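Notes for the one structure printed next.
The values are calculated or read from the model by the stated rules, or taken from the named source; none is laboratory data. Worth saying up front: this structure is predicted, and the values here are computed from it rather than measured. Positions of Cβ are backbone-derived with ideal geometry, glycine not excepted, and every protein chain shown enters the neighbour counts. What goes into the accessible areas is simple: the full protein's heavy atoms, side chains included, and nothing from ligands, DNA or RNA. Shrake-Rupley method; radii C 1.70, N 1.55, O 1.52, S 1.80 Å.
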Amino acid sequence: MKKKVLALALATTLCASAFVGCSSSSSTTTESSNTESTEATESTEATGEAGEYAMISGTTVPDAHPYNLGLTKMGELLSEKTNGAVTLDVFGNSQLGSERDLIEGLQLGSVQVTCVSTAPLSGFTDAFLVFDLPFLFETSEEARAVMDSEVGMEILHSVDEQGMVGLAWFENGFRNVTNSKLPIETPDDLKGIKIRTMENPMHMAAFQIMGADPTPMAMGEVFTALQQGTIDAQENPVPIIETNKFDEVQTYLSMTGHLFSPAPVFIGKAYFDALPAEYQTAVQEAADEAVPYQREQIDLQNESGLEALQERGMQVNYPDKAAFQEATAPIYEQYIKDEAGCVSPDIYNRVLDVLASVDGGATTETTETTTEAAAE
Ligand code: EAX
């Protein structure tokens, strides 16, 4: 059987810069892998042997989480479309590493597909940073409209130089704070709280502004760190909190909804480029067709997860978001700039245009007045 391990030809060392602060001069562009990927393209004919292209995908979330349900659905569709010639195995639970490892795995060819939050991409490219602005979205409908818009698709497809192809926008959802100390009702309640964040300078800055003590950490280490008390808190959408059973080590769930994490599905560029054209189409179609199902699973688990967490004893509170929005408003001033490590003002304005079209401008106004409100 001709099993093509084409992706391994892509052994380019990609130096992913670590945290790229807004004023940092470190380059956010990784070396392009395009040259190698062209060399790796040795065949474009589909022969249709079963399992000819056996792809693996990795995520950092438990098997029951919608990332894995969505990828599994994508795999089923892909097998159907290619009569089993292209398959996709799903490895959750950080089995193949952290989100940073997975992105690098795609670049190196050790993993073919992944679905990650956009936040850790900050170490590789600035294109996704707009999503790291706190309280950018009020509803899933708004977030989905932006992901599916022209600017959203441009962002998704902007990762050629990072050695990846953006296939589709799955989602992770609105993030909420859990902790073991007290219900978070106001930003002041976060003072001195040691909170795990994703590896993203804007997320860390937002929690710092509120007086918390943010620590970036890979997902696979969070449960143990909470259990051992190395950290007091973490923030994630309900489906992640529930499937990871964080209620076993956290008492309070405060529905802050401070950030929305979109979740791009990526495939390694060298691997994708080397697939026969008809299989490339099948991969793209399978990813697209899995999107509605994946987002529906997020909606379902947001509801069922919240119920389950409450039944298991977690104390849930709904703080007034306005105070958190005001407290984190300086992030907009600090990070929307034409500078490396910042949100491009052009991208930000295009996102605002989409939001205005979704809800007649309500959100745009809210977002734009955030800074004024904070100053009052
Ligand atoms: O992308 O690391 C995180 O908190 C993410 O929400 C999770 O791994 C899924």
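A few remarks follow.
- Pairs with Cβ under 7 Å, 6+ apart, first in the stretch 208-235 and open to solvent by 40 Å² or more (accessible area, probe 1.4 Å), second in a loop (DSSP other than H, G, I, E, B) and within 13 Å of the ligand (Cβ to nearest atom): Thr215/Ile231; Pro216/Met198; Pro216/Glu199; Gly220/Thr60; Gly220/Ser94; Gly220/Ser98; Phe223/Asn244
- Note on the stretch 128-167: residues that are closer than 28 Å to Thr281 by Cβ and touching a His at 6+ places or on another chain (Cβ under 6 Å) amount to 1.
- The combined condition, being within 29 Å of Glu289 (Cα to Cα) and more than 16 Å from the ligand (Cβ to nearest atom), is not fulfilled by Glu185.
- Filtering the stretch 30-72 to residues that are at pLDDT below 50 and in contact with a Phe, Trp or Tyr (Cβ under 9 Å, 6 or more places away or on another chain) leaves Thr30, Ser37, Ala40.
- Qualifying residues in the stretch 80-90 (those that are surrounded by fewer than 18 Cβ atoms within 10 Å (Cβ to Cβ) and in contact with a strand residue (DSSP E or B) (Cβ under 6 Å, 6 or more places away or on another chain)) - the one nearest to Ala282 (Cα to Cα): Thr87
- Some residue of the stretch 223-238 being within 16 Å of the ligand (Cβ to nearest atom), of a type in the set (Val, Ile, Thr) and under 16 Å from Gly305 (Cβ atoms): yes
- Tally of residues being surrounded by fewer than 24 Cβ atoms within 10 Å (Cβ to Cβ) and away from the ligand (no atom under 14 Å from the Cβ) across the stretch 113-125: 1
- Residue count for the stretch 105-118 under the criterion of being touching a Leu at 6+ places or on another chain (Cβ under 7 Å) and either outside any loop (DSSP other than H, G, I, E, B) or not assigned by TED's automatic domain parsing to the domain that holds Arg295 (or both): the result is 6.
- Restricted to the stretch 171-250, the set of helices (runs of 4 or more DSSP H) holding at least 3 residues that are under 21 Å from the mean Cα position of the chain (by Cα) comprises 201-209, 238-243.
- Criterion: farther than 29 Å from Val222 by Cα and either not in a loop (DSSP other than H, G, I, E, B) or not assigned by TED's automatic domain parsing to the domain that holds Met198 (or both) - qualifying residue of Ala64, Ala145: Ala145
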